[in-house]
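Below is one structure, written out as structure tokens; the observations come after it.
Every read-out reported here was derived from the displayed coordinates using simple, explicitly stated rules and does not represent laboratory data. The structure presented is a predicted model; accordingly, all values stated were derived computationally and were not measured. Glycine gets a Cβ as well: all are built from the backbone with ideal geometry, and neighbour counts include every protein chain shown.
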């Protein structure tokens with residue numbers, strides 16, 4: 001009996017079904033270690049140095065399970081069983097593997113990366129990464145997911161264990177998004193920016209909803225937030241894993257107030273921000289948004305020699321306002337208006353030094 005379209009739903013209805021010849025049931029596979037959970041594992045190995053690439057439909061059962069698995073250990077075991085059941089795990093030179101074409105992370109998290117590197121050094125890489133043949137560079141590969149594992153293995157000077165599959169761009173971004181969403185590994189702002197980047201790259205909202213395992217309303221909120229928070233500000237803050245949707249929404253709304261964006265950009269250059277770490281950087285910018293603007297300078301009043309308060313002069317950044325009281329001095333405003341050209345010429349002469 002054939003296993004039909006083992007991983008089909010992840011790219012939507014346009015992916016055709018592909019028959020995969022049936023194989024004997026694999027031996028029992030113990031729970032696996034993900035990037036955030038550790039447990040021993042057994043996977044199929046192929047002795048050949050070159051990877052065998054099996055062309056299939058795109059990956060749905062895996063995609064659906066990624067979005068619903070409750071625990072990290074169950075998720076890792078589920079992934080590994082599916083990979084072992086139909087595809088060989090091969091070893092590749094990390095230097096032949098390029099990152100995905102759309103970034104889903106705001107920088108790195110050194111402590112977590114160091115912990116992952118240590119676990120792989122001690123126990124080996126228990127869960128393979130997923131790559132595809134690079135669509136533009138012969139002999140190279142592109143990561144769908146497993147960027148952190150790839151960095152750790154590269155730093156250790158080892159070959160990386162990987163499953164190689166033919167993937168379209170749509171299949172790759174869905175696999176990338178669902179794997180991260182299942183691990184709850186991306187922070188809220190990273191998911192928002194990832195969703196926005198996918199939309200700007202031309203992907204439909206159906207594809208993005210599938211990639212992030214969110215509904216239409218949630219996706220709309222995420223893209224709206226990404227549009228309100230300038231990319232350079234989000235990048236400066238970083239992943240901020242402890243900051244959730246409500247606080248980011250409040251911050252994004254506060255940024256729309258007059259002068260808030262300028263104050264935040266100034267705060268990013270400040271000593272408190274530069275020395276802050278993690279979520280503290282977000283807190284520094286929140287305080288910058290809350291800062292009250294300096295009270296406007298009260299208008300100056302010009303009096304005539306007779307003591308009439310005829311004119312009020314107000315100044316603000318980029319603007320000077322002159323208000324004349326016609327009741328106290330009728331026609332004075334018209335007189336000034338008629339002499340603007342002469343006044344301007346006199347002004348220019350004073351600027352030239354006479």
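Volume of the convex hull of the stretch 300-351 (Cα atoms only), normalised per residue: 102 Å³. Of the peptides 136-143, 165-172, the ranking by mean beta-carbon count within 10 Å, highest at the top, reads 165-172, 136-143. Treating r as the C-beta distance of residue 246 and residue 204 and R0 as 35 Å, the FRET efficiency rounds to 0.80.
Shown for 313, 189, 102: other C-beta atoms within 10 Å of each C-beta, ranked fewest to most, produce the order 313, 102, 189. With 0.36 nm allotted per residue and the present C-alpha distance subtracted, the residue 280-residue 166 stretch has 36.9 nm of extension available.
A Cα-only calculation for the stretch 194-351 places Rg and Dmax at 25.4, 77 Å.
Gyration tensor analysis over the Cα atoms of the stretch 189-234 returns equivalent ellipsoid semi-axes of 17, 11, 8 Å (largest first, whole Å).
Remark: relative contact order (the stretch 187-293) = 28 percent; criterion is Cα-Cα distance under 8 angstrom and separation of 6 or more residues. For residue 308 and residue 334, the FRET efficiency from 1/(1 + (r/R0)^6), where r spans their Cβ atoms and R0 equals 25 Å, is about 0.90.
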